[in-house]
Each structure stands twice: as C-alpha cells, then as structure tokens.
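Asks: The structure that follows is given in the form of structure tokens.
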Amino acid sequence: MDVNEVEDVASSVAELLKRQEPSPFLPIMNSQLFEELFEQWLSLPETGQLVISLIDDAKTGAPVNAPGNSFNVHAAGSNSLPSMFPSGSTPPLSPRSSSSSPHISKQRTSPSSLCSPLNLVHEPVLKVIPQESQPLPNHHLLKLKFYFQNGRPPTNELKQHFLSRMDHRFDNCLGGLHADEFKLVTKEVCGVPSFFSSALFRKMDIDCTGIVTRDAFTRYWIDSNILTMDTATQIYIILKQPGYEYLTQVDFKPLLRELLDTHPGLEFLHSSPEFQERYAETVIYRIFYYNNRSGNGRLTLRELKQGNLIAAMQHVDKEEDINKVLRYFSYEHFYVIYCKFWELDTDRDCMIDKENLINYGNHALTCRIIDRIYSQVPRKFTSKTEGKMNYEDFVYFILSEEDKSSEPSIDYWFKCIDLDGNGVLTPNELQYFYEEQLHRMECLSQERVSFEDILCQIIDMIAPEKKDCITLRDLKRCKLSGYVFNILFNLSKFFAFESRDPLLIRQQREDPSLTEWDLFAHREYIRLSMEEDVEDANESAEVWEGSLEAPF
C-alpha cells in the first residue's frame, strides 16, 4: 500500500472518529486546532504503520488489536506499535477518555509506556480528536439560570395595570403628591405598610422638593423593577442606605418614628417623648435579637426573609390594638422590659453591674452564670463602661432568660456553659455550674439532688447523638433544652419545673402559639400594673387625708 492509499484510509478513519458521540468530559476547543493536531499525527511515520496494521487485521478478520506492549519512541530499536484497545479482561475505555491518546490503551505499567506519538511534536499538548460542535442536551438547558441584576422587568400587562392605579392617585394632584398625601400610595399602590411612607417618599424625592411627581415615582418603582420584587426585598431596598448591602439599627428609626406618630394604639405616648424613644429602641433591639442571627449588627436580605419581621410589620399596620401584635411591637412587652431594667438600676445611671443583676428574679441566677455573662462570652456588650451592661445589653439578656426555647436564647446560654469554647458541653462543664445549685439547695434546706441523677435526667431529656457530650445541634432539636439551662443555673425555675405549675401548663395548652416570653410578659404586666394601681391609690388616700386634716 502506497502513501496515497494510507492517506485516503487515514482520512476515512478521521471521518469515522468525527462521527463519534462527543464526551461531556471533553473540553470544547476550536475545530481548526483539532484539524491541525490530527494532520500532525497523520504525518508521523508511526501513524502510517499503525493504520496499515489495522487495515491488514480488518482484511484477515482478525480482532482489531495491536500488540500488548505500548510504543515508546525513546526505546532504541523498538518497532512495536501502541495498542488501540486494552488487552486482557480490563473493560475498554471511551475513545474520548483522558488517557494519553485516544487510540492508546490505558495500561498500568510504567510512565514510559504512556507515551504517544503526539508527544514528539510539542510537550505538553492536549491530546484530543476533532469533533463537530454539538448542541447542549436538554438537561443542561434546564440548569441554566438567568439572573436579572436589577430585578426582573415587569411585563407590559403588569406595567399598564400598575400605571392605571398610579394615575388614579396622581390625576387630582397638580405637580405631584406631598408627604401627607403619599401614605395611601404607599399602602394601596405599592403594597407596603403605611408607616413606610416617609422613608419611601424620601427615596423618590431626591432633590428634597417636598413633592413626588408621577415621573419620579415611575422611575423609582417601575423603571428600577422594584414593582416585580417580593415584599421583603422591596422593604429591604426602601430601608437600606446607598452602597450598603445590609440594614443597621439606624435604618429602622424613621419607621418607628412614623409608627409612633400615626398608630392609634400609641397615641397616648405623644405626651411622653422620652418613652417614645425608649419604645422605639426596644422594638429595634428585639428585631435584631431575633433576626440578625450572625450578631454583627448587620441585617442582610437573607436574614430578613428567613424571619417573621415582614409579617409582623403587616400585622401592626392593620391592627389598632398595638398589644395584640406580640412580635416586636407590643407596648406591654416594652413596658415589662423597661420596668425590669428600672428595678435593677438602683443608682439611675442607666447601667447595670453584677451586683444589680444578681437581684434579678429574686436572686434566681447563680453567681457563676452571671460571671460568664459579664465576661461577654455569649455577647459582647455595647456598653462603653467596663463591667456594666446598658439597656440594649439588658434587652438581649432578658429575652434570653425568659424564653430559653428560642434559637437566639439557646445560642446565648450554650456559649455561657461551653467553658472551653470547643462547641460541646461535657459532664465536667455541666457539673461546674450545677455545683452552685447544690450549695444553694443546702442553704435553703431543700432536698439535694446529686449531679449523677441530674446528668442522667439531662441525657434522657436531650437524647444527644453522643452520650458523653451535648452539642448545640442536640439542644436545638430538643423542646426541653430550656429546662436543662434552668437546672444548671436558675434555681427558681428549676423548682418550678419540678413542681410542674398547673396554671402555666394550662396556659400553654390553651394557646400553643404563645411563647415562654409571651406568657412571662403577660404575667409581669399584670403584676406591675396592679402595683402601680396600689401606689396610685395610696397617693390618693394621702392627699385625701391631708385635705381633711388641713382645717384643723
């Protein structure tokens, strides 16, 4: 067979190889590069010998197999050819495999046996065969995800429908809408709570003219694609400052200011601006306590969507009785928190030290757990005064103390108990805190419960994955994790759990949606209001007695 015949046969082989099913593992390369590499391979003398050998085998009906030894260009006097398929019982590799050549079997002998004729041209080189460009399979197309950086544009139908509703509000207002006229647009047209009106108005009134025109509204709400976003994203965009990808406490202050000015359930506070400010602070602290799970003071969009804040905002916008909105906005809850802080702050410096906190709950907490709190292990204080917590720090403490079933509370107390910070609670760490409880039982002449019995009880309650330690995951999947903390450092609640207060159990069964914090705040508000009524009655009696004695 002459050289021309060899080239014709080689061309036929190339055509056959081109028709092979492309492998998904083969990188997509330029077809011209494939042709050049293939032509270089064909020009090698060893390639001609390989093709002639294969054709002879095909004519005689012999198996299309070359000798088992691989070809080595560096071996002197070696005339053997590389095998096309593996010998023996090894399954054949795909023609598009990542072996040294598409035509060389993958034999596990030595590095020299993996040589290919292509290696004579350039080292290293990508050894691939030419193939036609193939369309992506359907299952690849299903994985494609289109991302609109500025939100999905509204459809023409949605845009026209929204414009008609917007025109209904702007038609009767020459020049635009003032701030007091914008509230209905915020709630009825945009669909966000009405107390977002001022924040949204300022976003649209860029030049601070005091008027929002139809064009300004269209540019911000429709052209920016905010119209098609979900409510949480809309609220997030309205509140966040330009250039930031998170919300801070300051971003919520305008909302609370407008809520205090407009909500009928908070009208009585108009004459007490100092308590308005405290109420707003408390609501913001509660929002970040439950939603900012990273604890860095930066509330992200993901955290906002994962929480229940949006639902609470919509609820408070519809409900006239502010105390029925138990999540974040209840005035009664604020009243309880602030009064508890005021009771402990005996020197009225708006700070609480260790000695003050020991008095909390009628000396319910142990000294060791208070030391851990003031070591700022569970949460770093925002107070600038060393050794003292401010009002914000106290809000985080009381929410954690009175509802140990919530995730933020479990995180808070787990960090306190985890003395070495290794992420697990060992029996030694549990015993360290329970020792003080035993001592207090003896001082109160109560029956002592040994640590061994308590440890067995804790293991039975938590059912940890490993019997020798308790992880944060173990506590979060257990409904009784709060009782474990009470056993370790709150003697009053430990005794209450052992006695199983029937009144508390009945309250929980009547409304399972009520949290431990809701029940505590309700009881404390009744107690505090009754004490205030008694004080008012005593003051009135003193005034009445004084008026009777005056003439004499």
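Asks: If we keep just the residues of region 415-451 that are among the aromatic types (F, W, Y) and without any contact (Cβ under 8 Å) to a residue 60 or more places away in the chain, which is surrounded by the fewest Cβ atoms within 10 Å (Cβ to Cβ)?
Replies: Step one: of region 415-451, the residues among the aromatic types (F, W, Y) are 432-434, 451.
Add one more test, that the residue is without any contact (Cβ under 8 Å) to a residue 60 or more places away in the chain, and what stays is 434, 451.
Details: Y434: 23, F451: 16.
Here the answer is F451.
Asks: Please determine, by comparing only the residues of region 366-405 that are of a type in the set (S, T, N, Q) and surrounded by fewer than 20 Cβ atoms within 10 Å (Cβ to Cβ), which one is modelled with the lowest pLDDT. If you could, list the steps in order and put the result at the bottom.
Replies: Step one: of region 366-405, the residues of a type in the set (S, T, N, Q) are 366, 375-376, 382-383, 385, 390, 400, 405.
Remaining after also requiring surrounded by fewer than 20 Cβ atoms within 10 Å (Cβ to Cβ): 375-376, 382-383, 385, 390, 405.
Working: S375: 96, Q376: 96, T382: 96, S383: 95, T385: 94, N390: 97, S405: 91.
For region 366-405, the residue satisfying everything is S405.
Asks: Is there a residue in region 234-251 that is under 25 Å from T155 (Cβ atoms) and among the polar types (S, T, N, Q)?
Replies: Keep residues of region 234-251 that are under 25 Å from T155 (Cβ atoms), which gives 234-238.
Right, trim to among the polar types (S, T, N, Q) and you get 234.
Within region 234-251 (the criterion being under 25 Å from T155 (Cβ atoms) and among the polar types (S, T, N, Q)), the answer is yes, since at least one residue qualifies.
Asks: Okay, moving on. If you check F288 against the conditions, is it outside any loop (DSSP other than H, G, I, E, B), without any contact (Cβ under 8 Å) to a residue 12 or more places away in the chain and among the hydrophobic types (A, V, I, L, M, F, W, C)? Give the derivation first.
Replies: Details: outside any loop (DSSP other than H, G, I, E, B): yes; without any contact (Cβ under 8 Å) to a residue 12 or more places away in the chain: no; among the hydrophobic types (A, V, I, L, M, F, W, C): yes.
Answer is no for this residue.
Asks: Can you name the residue in region 213-225 that is in contact (Cβ under 8 Å) with a residue 60 or more places away in the chain and either open to solvent by 30 Å² or more (accessible area, probe 1.4 Å) or not polar (S, T, N, Q) (or both) and, of all such residues, is nearest to L158 (Cα to Cα)?
Replies: I222
Asks: Assess whether D353 counts as being out of contact with any Pro (no Cβ under 6 Å at 6 or more places or on another chain) and either closer than 25 Å to N308 by Cβ or exposed (fewer than 14 other Cβ atoms within 10 Å of the Cβ) (or both).
Replies: Judged against the criteria, D353 is not a match.
Asks: Turning to a different aspect of this structure: Quick test for you: out of Y328, Y338, pick the one residue that is assigned to a helix (DSSP H, G or I), touching a residue at least 24 places away in the same chain (Cβ under 8 Å) and of a type in the set (S, T, Y).
Replies: Y338
Asks: Can I ask one more? Pairs only if they're at least six apart or on different chains, beta carbon under 6 angstrom, first in region 172-200 and touching a residue at least 12 places away in the same chain (Cβ under 8 Å), second outside any strand (DSSP E or B) and of a type in the set (F, W, Y); list them, first residue then second.
Replies: Cβ pairs passing all conditions: A179/F201; F182/F201; T186/F196; S197/F182.
Asks: Taking the conditions exactly as written (in contact (Cβ under 8 Å) with a residue 40 or more places away in the chain, buried (at least 17 other Cβ atoms within 10 Å of the Cβ) and of a type in the set (A, V, I, L, M, F, W, C)), does V316 satisfy them or not?
Replies: yes
Asks: Can you tell which of T262, T248, T228 is under 21 Å from L163 (Cα atoms) and surrounded by 14 or more Cβ atoms within 10 Å (Cβ to Cβ)?
Replies: Working: T262 fails: under 21 Å from L163 (Cα atoms); T248 fails: under 21 Å from L163 (Cα atoms).
Result: T228 is the single residue among T262, T248, T228 that is under 21 Å from L163 (Cα atoms) and surrounded by 14 or more Cβ atoms within 10 Å (Cβ to Cβ).
Asks: Then there's this: From (1) at pLDDT 95 or above; (2) closer than 21 Å to E303 by Cβ; (3) open to solvent by 30 Å² or more (accessible area, probe 1.4 Å), pick out the condition that doesn't hold for Y412.
Replies: (3)
Asks: Also, quick follow-up: What is the residue count in region 264-285 for residues that are in a helix (DSSP H, G or I) and of a type in the set (S, T, Y)?
Replies: 3
Asks: Next up: Hey, can you tell me all the residues within region 187-214 that are of a type in the set (V, I, T) and within 16 Å of D171 (Cα to Cα)? Give the derivation first.
Replies: First pass over region 187-214, keeping only residues of a type in the set (V, I, T): 189, 192, 206, 209, 211-213.
Result: V189, I211, V212, T213.
Asks: Go through region 231-244 and give me each residue that's in contact with a Leu (Cβ under 8 Å, 6 or more places away or on another chain) and either open to solvent by 40 Å² or more (accessible area, probe 1.4 Å) or free of Cβ contacts under 8 Å to residues at least 24 places away in the same chain (or both).
Replies: Of everything in region 231-244, just one residue is in contact with a Leu (Cβ under 8 Å, 6 or more places away or on another chain) and either open to solvent by 40 Å² or more (accessible area, probe 1.4 Å) or free of Cβ contacts under 8 Å to residues at least 24 places away in the same chain (or both), namely K240.
Asks: For region 296-307, does any single residue satisfy the condition of being under 22 Å from S409 (Cα atoms), open to solvent by less than 60 Å² (accessible area, probe 1.4 Å), charged (D, E, K, R) and not in a loop (DSSP other than H, G, I, E, B)?
Replies: yes
Asks: Condition (residue is assigned to a helix (DSSP H, G or I), buried (at least 17 other Cβ atoms within 10 Å of the Cβ) and either at pLDDT below 95 or in contact with a strand residue (DSSP E or B) (Cβ under 7 Å, 6 or more places away or on another chain) (or both)) applied to region 203-212: is it met by at least one residue? Full working, then the answer.
Replies: First, pick out the residues of region 203-212 that are assigned to a helix (DSSP H, G or I): 203-204.
Filter again for buried (at least 17 other Cβ atoms within 10 Å of the Cβ), leaving 203-204.
Imposing the further condition that a residue be either at pLDDT below 95 or in contact with a strand residue (DSSP E or B) (Cβ under 7 Å, 6 or more places away or on another chain) (or both) reduces the set to 203-204.
Within region 203-212 (the criterion being assigned to a helix (DSSP H, G or I), buried (at least 17 other Cβ atoms within 10 Å of the Cβ) and either at pLDDT below 95 or in contact with a strand residue (DSSP E or B) (Cβ under 7 Å, 6 or more places away or on another chain) (or both)), the answer is yes, since at least one residue qualifies.
Asks: Kindly establish whether R286 is within 10 Å of the chain's Cα centre (by Cα) and either open to solvent by 10 Å² or more (accessible area, probe 1.4 Å) or at pLDDT 95 or above (or both).
Replies: No: the conditions fail for R286.
Asks: Return the pairs, sorted by first residue and then second, in which the second residue is open to solvent by less than 90 Å² (accessible area, probe 1.4 Å) and part of a loop (DSSP other than H, G, I, E, B), the first residue lies in region 294-311 and is among the small types (G, A, S), the beta carbons are less than 7 Å apart, and the residues are 6+ apart or on different chains.
Replies: From region 294-311, the pairs are G295/R379; G297/T248.
Asks: How many of the residues in region 452-468 are open to solvent by 20 Å² or more (accessible area, probe 1.4 Å), of a type outside the set (D, E) and either closer than 18 Å to Y432 by Cα or in a loop (DSSP other than H, G, I, E, B) (or both)?
Replies: So the count comes out to 7.
Asks: Taking region 319-350, which residues are open to solvent by less than 10 Å² (accessible area, probe 1.4 Å) and in contact with a Ser or Thr (Cβ under 7 Å, 6 or more places away or on another chain)?
Replies: I322, F334, I337 - these are the residues of region 319-350 that are open to solvent by less than 10 Å² (accessible area, probe 1.4 Å) and in contact with a Ser or Thr (Cβ under 7 Å, 6 or more places away or on another chain).
The values are calculated or read from the model by the stated rules, or taken from the named source; none is laboratory data. Since the structure is predicted, the reported quantities are computational estimates derived from the model, not experimental observations. Counting neighbours? That spans all protein chains shown, and the Cβs are built from the backbone with ideal geometry, glycine included. Remember, those area values only see protein heavy atoms, side chains included, never the ligands or the DNA or RNA. Shrake-Rupley method; radii C 1.70, N 1.55, O 1.52, S 1.80 Å.
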